[in-house]
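The values are calculated or read from the model by the stated rules, or taken from the named source; none is laboratory data. This is a predicted model, so every value here is computed, not measured. Here the Cβ positions follow ideal geometry from the backbone for every residue, glycine too, while neighbour counts run over all protein chains shown. All accessible areas refer to the heavy atoms of the entire protein, side chains included, with ligands and DNA or RNA removed. Shrake-Rupley method; radii C 1.70, N 1.55, O 1.52, S 1.80 Å.
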Amino acid sequence: MLWLLFLTLPGLGSSVPVTPGPGPGRELVGIVGGCDVSARRYPWQVSLRFYNSKRRQWVHQCGGSLIHPQWVLTAAHCMEPENMTPSKAGVQVGQLRLYDHRKLTMVKQVIRHPKFNSSQGAKGGADIALLRLEAPVTLSADVNLVLLPPASLRVPERKMCWVTGWGNINYKSPLPPPYHLQEVEVPIVGKEVCNQRYQKVEKNPRPIKEDMLCAGSEGRDSCQGDSGGPLVCSWNCTWVQVGVVSWGHQCGLRDFPGVYARVTSYMSWISQHVRLSPGS
Ligand code: ARG
């Protein structure tokens, strides 16, 4: 899961980091250049669950994001093997703590990107999948859609964005109970720099492809269990999902940012399957 956790989100909705609290002499009557603060920060975040017959439980496996009342965007490598039965998968929406209450929405159809290559896994690229839910979920303060970018959107290097999930808090440390959703702010890392770094992984150099996006810095990253979850950045006070958690070399290492599927590369594929509402 995420690094540099905001371990306890005081009063949840009030933990919005964008606007500094009022300092001395400043009054709480308005903000110059600020953004509207929503009560729940990540209402599009979903937990992707698979039934584990040994544990007799639907276990969290990956993250995902709600892009339409009936569609979830996630990573293709979360939906393995290729011929898996959709009925083995469910999503939990509108929940901050995993397993708090259980209201799964079942998955009816899994569409993995046709260029995703199982034998190469996430590192091969096209690590993106769409899940059609059995029925549309009801939108509310806790459950809402994330906006997707226009295909032409450029995500500038060093822009600060946010990634969320219930994955490990360290390379080998799972998120402890009560499994509260974590967020961390990560800088976008340029493709060349990221590619250079990943050429240096001994035994296993991996090129960063056009359809990948790097983000993260030392101690700030996504990790195992966050896969499929959203990387969002704010443009004009609106959160836009630019990445899907995909892979990395361990987690939070200084020289190895997290690697994300670049959402802009897949906008036309997504809109072939999902009728996105205007504005998305
Ligand atoms: N592949 C991992 C998963 O399935 C995500 C790894 C992300 N790693 C990183 N260092 N950002 O959950």
Counting only residues in the stretch 231-262 that are buried (at least 21 other Cβ atoms within 10 Å of the Cβ) and part of a loop (DSSP other than H, G, I, E, B), the one nearest to the ligand (Cβ to nearest atom) is identified as 248
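Given 209, 200, 191, which one is more than 19 Å from residue 78 (Cα to Cα), more than 10 Å from the ligand (Cβ to nearest atom) and without any contact (Cβ under 8 Å) to a residue 40 or more places away in the chain? Let's see the steps before the verdict.
Working: 209 fails: without any contact (Cβ under 8 Å) to a residue 40 or more places away in the chain; 200 fails: without any contact (Cβ under 8 Å) to a residue 40 or more places away in the chain.
Selected residue: 191, the only one of 209, 200, 191 that is more than 19 Å from residue 78 (Cα to Cα), more than 10 Å from the ligand (Cβ to nearest atom) and without any contact (Cβ under 8 Å) to a residue 40 or more places away in the chain.
Given the criteria away from the ligand (no atom under 11 Å from the Cβ), touching a Gly at 6+ places or on another chain (Cβ under 9 Å) and among the hydroxyl-bearing types (Ser, Thr, Tyr), does residue 217 qualify?
Details: away from the ligand (no atom under 11 Å from the Cβ): yes; touching a Gly at 6+ places or on another chain (Cβ under 9 Å): yes; among the hydroxyl-bearing types (Ser, Thr, Tyr): yes.
Answer is yes for this residue.
In the stretch 48-60, is there at least one residue being assigned to a loop (DSSP other than H, G, I, E, B) and in contact (Cβ under 8 Å) with a residue 60 or more places away in the chain?
Of all residues in the stretch 48-60, those assigned to a loop (DSSP other than H, G, I, E, B) come to 53-56.
From the residues that got through so far, the ones that are in contact (Cβ under 8 Å) with a residue 60 or more places away in the chain too are none.
Looking through the stretch 48-60, none of the residues is assigned to a loop (DSSP other than H, G, I, E, B) and in contact (Cβ under 8 Å) with a residue 60 or more places away in the chain.
Does the stretch 75-90 contain any residue that is within 16 Å of the ligand (Cβ to nearest atom), touching a His at 6+ places or on another chain (Cβ under 7 Å) and not hydroxyl-bearing (Ser, Thr, Tyr)?
Yes, the stretch 75-90 contains at least one residue that is within 16 Å of the ligand (Cβ to nearest atom), touching a His at 6+ places or on another chain (Cβ under 7 Å) and not hydroxyl-bearing (Ser, Thr, Tyr).
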Of the residues in the stretch 152-209 that are within 15 Å of the chain's Cα centre (by Cα) and of a type in the set (Gly, Ala, Ser), the one that is farthest from residue 40 (Cα to Cα) is 167
Condition set of a type outside the set (Gly, Ala, Ser) and within 14 Å of the ligand (Cβ to nearest atom), scope the stretch 50-74, selection surrounded by the most Cβ atoms within 10 Å (Cβ to Cβ): answer is 74
Counting only strands (runs of 3 or more DSSP E) wholly inside the stretch 148-230, the ones holding at least 1 residues that are small (Gly, Ala, Ser) and buried (at least 18 other Cβ atoms within 10 Å of the Cβ) are 160-165, 212-215
**Prompt:** Does the stretch 263-275 contain any residue that is out of contact with any Ser or Thr (no Cβ under 9 Å at 6 or more places or on another chain), closer than 25 Å to residue 130 by Cβ, open to solvent by 50 Å² or more (accessible area, probe 1.4 Å) and modelled with pLDDT under 95?
**Reply:** yes
Residue 169 passes all but one of the listed conditions (1) away from the ligand (no atom under 13 Å from the Cβ); (2) in contact with a Leu (Cβ under 6 Å, 6 or more places away or on another chain); the exception is number (1)
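Any chance the stretch 69-85 includes a residue that's modelled with pLDDT of 55 or more, assigned to a strand (DSSP E or B) and either more than 25 Å from residue 180 (Cβ to Cβ) or aromatic (Phe, Trp, Tyr) (or both)? Steps first, answer last, please.
In the first step, residues of the stretch 69-85 are kept if they are modelled with pLDDT of 55 or more; the result is 69-85.
After this cut, where a residue has to be assigned to a strand (DSSP E or B) as well, the list is 71-74.
Imposing the further condition that a residue be either more than 25 Å from residue 180 (Cβ to Cβ) or aromatic (Phe, Trp, Tyr) (or both) reduces the set to 71.
Yes, the stretch 69-85 has at least one match.
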Within the stretch 94-116, the residues that are at pLDDT below 95 and not in a strand (DSSP E or B) are 94, 95, 96, 98, 99, 100, 101, 102, 103
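Looking at the stretch 137-147, which of its residues are within 16 Å of residue 276 (Cα to Cα), assigned to a loop (DSSP other than H, G, I, E, B) and open to solvent by 50 Å² or more (accessible area, probe 1.4 Å)? Working first, answer last.
Going residue by residue through the stretch 137-147, those that are within 16 Å of residue 276 (Cα to Cα) are 137, 139, 144-147.
Now drop any that are not assigned to a loop (DSSP other than H, G, I, E, B), which leaves 137, 139, 144-146.
Across the stretch 137-147, the qualifying residues are 139, 144.
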